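K.L.:
I am attaching a structure below and will ask some questions about it afterwards.
The values are calculated or read from the model by the stated rules, or taken from the named source; none is laboratory data. From a predicted model like this one, the values you see are computed outputs, not experimental measurements. Counting neighbours? That spans all protein chains shown, and the Cβs are built from the backbone with ideal geometry, glycine included. Ligands, DNA and RNA are stripped out before the accessible areas are found, and what is left, the full protein with its side chains, is counted by its heavy atoms. Shrake-Rupley method; radii C 1.70, N 1.55, O 1.52, S 1.80 Å.
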Amino acid sequence: KAGVTQTPRYLIKTRGQQVTLSCSPISGHRSVSWYQQTPGQGLQFLFEYFSETQRNKGNFPGRFSGRQFSNSRSEMNVSTLELGDSALYLCASSLGSNNQPQHFGDGTRLSIL
Amino acid sequence: QQQVKQSPQSLIVQKGGISIINCAYENTAFDYFPWYQQFPGKGPALLIAIRPDVSEKKEGRFTISFNKSAKQFSLHIMDSQPGDSATYFCAASAYNYGQNFVFGPGTRLSVLP
């Protein structure tokens, strides 16, 4: 069974630009969550989508948004990029949306110049 | 109250020894406690998880001990191997929080040959 796939693996952008990251969950998984990982703040929850609806949202500004498609694939968008947005963005999928084991992809490394 | 504390920050163990990582939480709503292992350049991989209805769970060389009254849980790696060298994260979630997992800051484990 294929794992969680995230594309692209690496991305370099400049301040003010916007970026879209993609996540394909494990087949059959309906919940997709996004996390930001940085050396200073660790792993922080961004938001979760289940059946195309945002179920939960972390404490991030509105520049961070996402969506989920009918096939459970998800995208995350960051607008007006700032230097502090440089991070590893991780996607995790799970069968359900309440205390279910989450399985992570290898992430997208975003660097802002 | 959402914080999960983790110690030590780094750990060096000889091959064959026991590695012990400890975590503590405050939010009594938490009812799912997974541990993740992360290698450089990879996403976190689910190692083992426990729910508060049991005090201990063992899977191979990995054991979680859970103390509900103290709000603490720990990971024990028996017969530690150089291949176990990685960063370990504890996490916690609550049923009503969906898939919003709160992660500890991580422990970097080095197992010397």
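K.L.:
Please compute, for peptide B:90-97, the average count of beta-carbon atoms on other protein chains lying within 10 Å of each residue's beta-carbon.
P.N.:
If you average over the peptide's residues, the count of other-chain Cβ atoms is 3.
K.L.:
Still on this model: Using label points projected 7 Å from each Cα along Cα→Cβ, tell me how many nm separate residue A:53 and residue A:109, to one decimal.
P.N.:
3.9
K.L.:
Hey, can you find the accessible area per residue of the range A:51-113 for me, probe 1.4 Å, expressed in square angstrom?
P.N.:
Result: 44 Å² of accessible area for each residue.
K.L.:
Among DSSP bridges having both ends in the protein assembly as shown, what percentage is antiparallel? Round to the nearest 5.
P.N.:
Just about 90 percent of them are antiparallel.
K.L.:
Further question: Mind pulling up the Rg/Rh value for chain B? Radius of gyration and Kirkwood radius, both on Cα.
P.N.:
Looking at chain B, the ratio lands at 0.96.
K.L.:
Continuing with this model, one more query. With a 1.4 Å probe and every protein chain left in place, work out the accessible area per residue of chain B in Å², rounded to a whole number.
P.N.:
Value returned for chain B: 48 Å² of accessible area per residue.
K.L.:
What total accessible area, in Å², is buried where chains B and A meet, using a 1.4 Å probe and rounding to the nearest 100?
P.N.:
Approximately 1700 Å² gets buried when B meets A.
K.L.:
What FRET efficiency do you get for residue B:59 and residue A:22 if R0 is 35 Å and r is their Cβ-Cβ distance, rounded to the nearest 0.05?
P.N.:
After rounding to 0.05, the efficiency reads 0.60.
K.L.:
Taking a 25 Å limit on the Cα-Cα distance, which of the listed pairs A:1/B:68; B:15/B:58; B:42/B:68; A:57/B:68 fall beyond it?
P.N.:
Going by Cα-Cα distance, A:1/B:68; B:42/B:68; A:57/B:68 fall outside the 25 Å limit.
K.L.:
Show me the GluC sites (Glu not before Pro) within the range B:1-82 that DSSP assigns to loop and that have at most 13 other Cβ atoms within 10 Å of their Cβ.
P.N.:
Hits after loop and neighbour filter: B:26.
K.L.:
Points 7 angstrom from Cα along the Cβ direction at residue B:87 and residue A:5: gap in nanometres?
P.N.:
2.7
K.L.:
Let me ask something else. Once you place label points 7 Å from the Cα toward the Cβ at residue A:60 and residue A:77, how far apart are they in nm?
P.N.:
In this crude spin-label approximation the distance works out to 1.4 nm.
K.L.:
Go through the range A:98-112 and flag every residue whose accessible area shrinks by 10 Å² or more with all protein chains in place compared to the isolated chain (probe 1.4 Å).
P.N.:
A:98, A:99, A:100, A:101, A:102, A:103, A:104, A:106
K.L.:
Would you please give the FRET efficiency between residue B:72 and residue B:18, computed as 1/(1 + (r/R0)^6) with r the Cβ-Cβ distance and R0 = 22 Å, to the nearest 0.05?
P.N.:
Computed FRET efficiency for residue B:72 and residue B:18: 0.80.
K.L.:
Okay, next question. Per-residue Cβ counts within 10 Å, from other chains only, averaged over B:40-48: what number is that?
P.N.:
For this peptide, the per-residue mean of nearby foreign Cβ atoms is 5.
K.L.:
Efficiency by 1/(1 + (r/R0)^6): what FRET value for residue A:15 and residue A:41, r their Cβ-Cβ distance, R0 = 25 Å, to the nearest 0.05?
P.N.:
Rounded to the nearest 0.05, the efficiency is 0.80.
K.L.:
Do me a favour and compute the ellipsoid semi-axes for chain A from its Cα gyration tensor, root of five times each eigenvalue, largest one first, whole Å.
P.N.:
Semi-axes (√(5λ), whole Å): 23, 14, 13.
K.L.:
Summarise the partner chain shielding of A:37-50 as one whole number: the mean count of Cβ atoms from other chains within 10 Å of each residue's Cβ.
P.N.:
The per-residue average across the peptide is 4.
K.L.:
Over the heavy atoms of residue A:45, what accessible area does a 1.4 Å probe trace out, to the nearest 10 Å²?
P.N.:
20
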